[in-house]
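Any read-out appearing in this document is the output of simple, stated calculations on the displayed coordinates, not a laboratory observation. Computed from a predicted model, the values in this text were never measured in an experiment. Heads up, the Cβs are rebuilt from the backbone with ideal geometry, glycines too, and the neighbour counts pull from every protein chain shown.
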Amino acid sequence: MSDERRDDEILGRALGRAIETLHVNETPYERSRMASPAERRALFGLPQVAATIAVVVLAVALGAWFNSVREAREVPAVGSPTAVPATTAPAAVATPVASIDPNRDRIWVYFARDSLPPVGVYLQGILDDSSSEGRTTSRLSLLMGLQPSRVPAGLLNPLGSVSPAVNGSRQTGLGVHTSGDTAYVEFNLPTGWGVSGSAQSQALLQQIVYTVTEEPGIDSVVITERGQRNAVIDQLVVDKPLSREDVSGYSRVSPQLIGETWPLTCTTPCPSPSTAKLSNTFFVDKVPVSAGAMRFMILVESGQPSEFYVSPLKNDQTRSQLPGKSVLQIDIAGTDSKTGTELVNSSPLRAIRTSVRGARTVYELALDDLRPWRVAILPNPERIVIDLGGYPASISDTIAVYSPGQGDPPLRRFSVNGLARTFEAAVLWRVRDGQNRIVASGSTTASIGTSQQWGTFQFDVQLPAPPPGTGDLFLEVYWASPKDGSDQGLVRVHLKVG
């Protein structure tokens with residue numbers, strides 16, 4: 001018998017045995033009723049159908065296996081593979097996609113800092129963009145419910161501590177409405193504000209005011225507690241509308257500083273016949289300026305502009321494309337090759353917009369607030385320096401100490417640097433101990449004096465071996481009145497132990 005016939009016989013026997021094992025679906029006598037309509041029954045029930053299918057599949061598989069064995073004996077060996085031409089995929093069809101907002105699902109809020117104004121950052125969150133009230137509520141609610149692990153390093157979130165939990169339960173309430181350029185925020189805090197002392201109270205107040213006034217068109221905020229006409233944050237009574245300038249810690253910008261014209265040193269011919277070439281750079285919160293400060297610097301690469309103008313402006317966020325509440329505008333003869341808007345978003349500097357109109361360049365510095373600024377002109381190469389902010393306690397109208405900063409440790413030897421505009425450039429200093437005793441003193445001269453612009457100064461302090469128990473030290477920098485010798489422009493830097 002040939003192999004093919006033997007395989008067919010085996011396959012037939014297997015199929016026959018499978019059919020013999022099937023049971024007929026009989027109806028028992030007691031269930032049969034002639035008067036009842038006959039039920040239409042399938043020849044096989046579900047179990048039998050499944051069994052039949054399984055048998056058929058098995059038979060087919062066996063047949064396929066036998067055939068494959070037979071074909072393997074009949075098909076010659078396969079040779080080496082040959083290259084198959086690659087097929088060209090059809091070109092992808094471009095489909096339009098929705099534009100992506102880089103700030104989507106991010107909310108700009110403010111955190112407090114020790115001895116400094118708040119700093120703004122973006123946090124992941126959903127902004128209720130349905131109304132001014134909705135956006136303000138979103139910002140405050142995000143901070144009130146923020147996990148401590150999400151607070152950026154070095155920053156404080158006093159709003160996260162309001163209405164402390166009792167027995168593991170924390171309850172807070174918030175109501176917001178706006179009228180004109182003022183927002184009215186009512187807090188419902190059953191267990192209080194969660195802060196104590198003037199420093200914590202001020203930090204919380206700053207955080208609330210800066211965060212609420214981030215809303216375009218809102219310049220001030222009225223804070224109340226539920227059922228009250230005002231708010232009492234520990235010992236701090238809040239009973240009037242507050243703007244950022246009210247709580248920043250700086251003295252308000254003096255009216256005489258509005259719209260200043262600054263002359264520049266200029267040699268013949270002045271101004272130069274060729275248009276001056278300019279470039280710019282900036283620093284925020286780092287050397288050469290102190291924490292809380294920014295430096296904007298214009299480099300005169302060629303040519304000689306004779307003057308420039310500095311003007312502070314209010315930024316109407318409802319119409320302007322610039323962020324921030326204020327703009328410091330610098331107008332100077334010359335052209336800067338880098339034009340357009342650069343988003344910075346590093347408090348206090350939010351953005352820089354540079355535009356060239358004719359042969360003049362206008363720089364617009366978008367700012368969190370209008371804090372005091374200082375203008376210095378540095379030579380070789382000529383640079384126009386505009387510093388803004390810093391530690392409020394380290395700045396007066398004539399003295400600005402950049403280093404050391406508030407809270408730095410009291411070292412036996414340290415350097416002091418900053419800017420000054422004093423009578424005949426004279427700068428005096430002294431160091432007091434915790435008992436208000438003067439332990440060191442001296443004087444230095446700034447790079448320029450009796451001038452509209454600020455000069456630089458730097459000096460070293462060498463302290464004697466501290467007597468036991470003196471603790472913290474206080475550096476005072478000032479100048480003496482030529483009229484009566486009284487202290488003028490005094491700033492006090494607290495150097496803390498530990």
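Some values worked out for this structure:
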quantity: Packing-based order for 174-181, 366-373, using average beta carbon neighbours within 10 Å, highest first; calculated: 366-373, 174-181
quantity: Gln171 paired with Arg413, simple spin-label distance in nm, labels 7 Å along Cα-to-beta-carbon; calculated: 6.3
quantity: Backbone HN-Hα couplings from phi across the stretch 264-278 [Karplus 6.51/-1.76/1.60, Hz, Gly and Pro as x]; calculated: 10, 4, 9, 9, 5, x, 10, x, 5, x, 8, 5, 5, 9, 10
quantity: Neighbourhood net charge (10 Å Cβ-Cβ; Lys/Arg +1, Asp/Glu -1) for Pro241; calculated: -3
quantity: Nonlocal amide H pairs with Glu382, under 5 Å, H built at 1.01 Å; calculated: Val300
quantity: Proximal charge balance of Thr450 [Cβ under 13 Å; K/R count +1, D/E count -1]; calculated: 0
quantity: Average Cα contact separation per residue, the stretch 106-247, under 8 Å, 6 or more apart, as relative contact order %; calculated: 22
quantity: Segment Asp181-Ser451, length gained on full extension (0.36 nm per residue, minus Cα span); calculated: 93.4 nm
quantity: Eligible lysines near Lys277 by straight Cα distance, threshold 25 Å, same-chain separation 8 or greater; calculated: Lys338
quantity: Order by protection proxy (mean Cβ within 10 Å, highest first), peptides 225-237, 205-217, 189-201; calculated: 205-217, 189-201, 225-237
quantity: Distant-in-sequence amide H partners of Ser279 (H built 1.01 Å from N, under 5 Å); calculated: Leu299, Glu301
